[in-house]
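In what follows, a structure is listed as structure tokens, so that the remarks can point back to it.
Only the coordinates and a few stated rules stand behind these numbers; no lab work does. None of the values given here were measured: they were computed from a predicted structure. With ideal geometry, Cβ positions are generated from the backbone for all residues, glycine too; neighbour counts draw on all protein chains shown.
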Amino acid sequence: MKQYVVDELRPADYYILKAYLDENLDFSGFDGLYRKPIDEALLTSTQASHIQCKPLYFTLALTPESLTCELLARTRNRMRCDCMGYATTAQLNWIVNWTDNVFKELGIIV
């Protein structure tokens, strides 16, 4: 699995980050797993045309030690579909920038 990982979180930073993710992202139903919907403007033509599969999202996994962003675009509605796949360059840059900006906004230095 391709991932963007920020590790070596301090315990205090974990709780700050958890509160932020709890408030701002979709909770997946599993402890520590969140969904970050992919910006519509970044969808590929195939992803954009699959109305029944939207929203597409990246999964983020928060543990006391790290935040891991999976770089696989997923859909809630299907296990397999042509619209699912690894992040495009634009999607990769977007999720990395979003993650880095969250850390910056929260004053978490990594």
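First select every other residue whose beta carbon is under 14 angstrom from the beta carbon of Glu105; then total the charges, Lys and Arg +1, Asp and Glu -1.
In short, -2.
Determine the sum of side-chain charges near Phe58: Lys and Arg each +1, Asp and Glu each -1, restricted to other residues whose C-beta is under 10 angstrom from that of Phe58.
Working: positive: Arg35, Lys36, Arg74; negative: Glu70.
Counting the neighbours of Phe58, the net charge comes to +2.
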- Just grab the label-to-label distance for Met1 and Val96, each label 7 Å out from Cα along the Cβ direction, in nm (one decimal). 2.0
- Sum up the charges of everything whose Cβ sits under 14 Å from the Cβ of Arg10, counting Lys and Arg as +1 and Asp and Glu as -1, but leave Arg10 out. -3
- So, in nm, how far is label Asp22 from label Val110 when the simple model puts each one 7 Å beyond its Cα toward the Cβ? 2.0
- Size of the dipole of the chain about the Cα centre, Lys and Arg at +1 and Asp and Glu at -1 on the beta carbon, nothing else charged, in debye to 20? 440
- Hey, what angle do you get for helix 89-106 against the long axis of the chain, alpha-carbon based, 0 to 90 degrees rounded to 10? 30
